[in-house]
1. What's the number of the condition W306 fails, among (1) in contact (Cβ under 8 Å) with a residue 60 or more places away in the chain; (2) under 22 Å from S112 (Cα atoms); (3) not hydroxyl-bearing (S, T, Y)?
2. Might you let me know whether the stretch 203-210 holds any residue that is in a loop (DSSP other than H, G, I, E, B), free of Cβ contacts under 8 Å to residues at least 40 places away in the same chain and more than 15 Å from V103 (Cβ to Cβ)?
3. What residue, among those in the stretch 162-185 that are part of a loop (DSSP other than H, G, I, E, B) and surrounded by 15 or more Cβ atoms within 10 Å (Cβ to Cβ), is modelled with the lowest pLDDT?
4. Among the candidates L253, L230, single out the residue that is touching a His at 6+ places or on another chain (Cβ under 7 Å), at pLDDT 95 or above and hydrophobic (A, V, I, L, M, F, W, C).
5. So K129 fits all but one of (1) more than 25 Å from D283 (Cα to Cα); (2) within 22 Å of the chain's Cα centre (by Cα); (3) modelled with pLDDT of 95 or more; what number is the exception?
6. Identify, please: which residue in the stretch 187-198 is out of contact with any strand residue (DSSP E or B) (no Cβ under 7 Å at 6 or more places or on another chain) and part of a loop (DSSP other than H, G, I, E, B) and is, among those, nearest to S132 (Cα to Cα)?
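The values are calculated or read from the model by the stated rules, or taken from the named source; none is laboratory data. Fair warning: this is a prediction, and the values are worked out from it, not measured in the lab. Cβ coordinates were reconstructed from backbone atoms using ideal geometry, including for glycine residues, and neighbour counts include every protein chain displayed.
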Amino acid sequence: MINFRFYLVSIVAVFLALAVGVVMGYGVLGQPTVKGLQSRIDTIGAKAEEQRVVNDLLSSELDSANSGVQSAVPFAATQRLASTRVAVIAARGVDENAVDRIVKDFGTSGVSGLDLVWLEESWRFKSEKSQSTAIRLLGLESGANKAEITQAANTALAERLVFGSSIAGSDLLNKLIDSDFVSLGGVGGSTPKPSEVGGSQTQLALLVQPGHADEVKYFAQAAINKQILLAVAEVFINPGENVERSSSVTAILGNEEFKNKISTIDNAETEIGALAVVLALGDLKNGVVNHLGVGEGSQRLLPVWWRL
């Protein structure tokens, strides 16, 4: 009869066999295995060091290139938008340093006026509160859906910025600010009054994050409907997971009507991309549409040069 002692002896024997196997195996294979692993680690370490040197070199070259572009901006952008008023419209969440750089570059282009308008989170009209408020401000029917509200709001804002406020004391921009849909940014150290923003056939530059094609299409449709000169620029910083470059400007590139009338820039986070935004808007004055950047659908980094 098999008893407990048998089980105990069997278990002990199994563990002893395993221990002997481990010791014997290490004695035979241990040193070659360790040496092999160490050799691989040394090789990987050497390659990592080589890559670090290459990365440092590329980073230095990029800094030099950006510095060169930054130095050239005053010459490249000078008078490209002479006697033209420009409004930069930035969706909240777009990198503020990139926005500041673009605004600064516009300041060297000879513009007669320059405004910065931020589209706040509520501009996406995701909540019932934001939708009902927009319906009231825009005079829409109570049953208007999100798409209808968004299109009407973008059209109304674009029209207000380009053509100004027609009725004294009833400025739509002021109402949108009071309702926290938009806010004004400072340009040149001061923030203007709502009544001072836009008008005089203002040209528009819309700055967006990657992955927001659905939002871009509403503003693009507004520009088409009202025959507004518009450039859409994607600032590719901190994209979401699986979000690719050009994923916002694809709303323009994938629509023939939009593509033939609205310029796009897909690398506005860079020095050269910021300059491209200015030059693209300048080209639109002459009826030239550009699709600039480094992503899918782009034609070149900068527009074809033309003399003033």
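1. Just one mismatch for W306, condition (1).
2. Within the stretch 203-210, the first condition is being in a loop (DSSP other than H, G, I, E, B), and the residues that meet it are 209-210.
From what is left, the residues that are free of Cβ contacts under 8 Å to residues at least 40 places away in the same chain are 210.
Now drop any that are not more than 15 Å from V103 (Cβ to Cβ), which leaves 210.
Yes; the residues of the stretch 203-210 include at least one that is in a loop (DSSP other than H, G, I, E, B), free of Cβ contacts under 8 Å to residues at least 40 places away in the same chain and more than 15 Å from V103 (Cβ to Cβ).
3. Going residue by residue through the stretch 162-185, those that are part of a loop (DSSP other than H, G, I, E, B) are 164-171, 179-181.
Restricting the remaining residues to those that are surrounded by 15 or more Cβ atoms within 10 Å (Cβ to Cβ) gives 164-165, 171, 179, 181.
Values: G164: 90, S165: 81, D171: 91, S179: 97, F181: 98.
Only one residue tops the list, namely S165.
4. On the way: L230 fails: touching a His at 6+ places or on another chain (Cβ under 7 Å).
Within the list L253, L230, the selection yields L253.
5. (2)
6. So, considering only residues that are out of contact with any strand residue (DSSP E or B) (no Cβ under 7 Å at 6 or more places or on another chain) and part of a loop (DSSP other than H, G, I, E, B), the one nearest to S132 (Cα to Cα) is K193.
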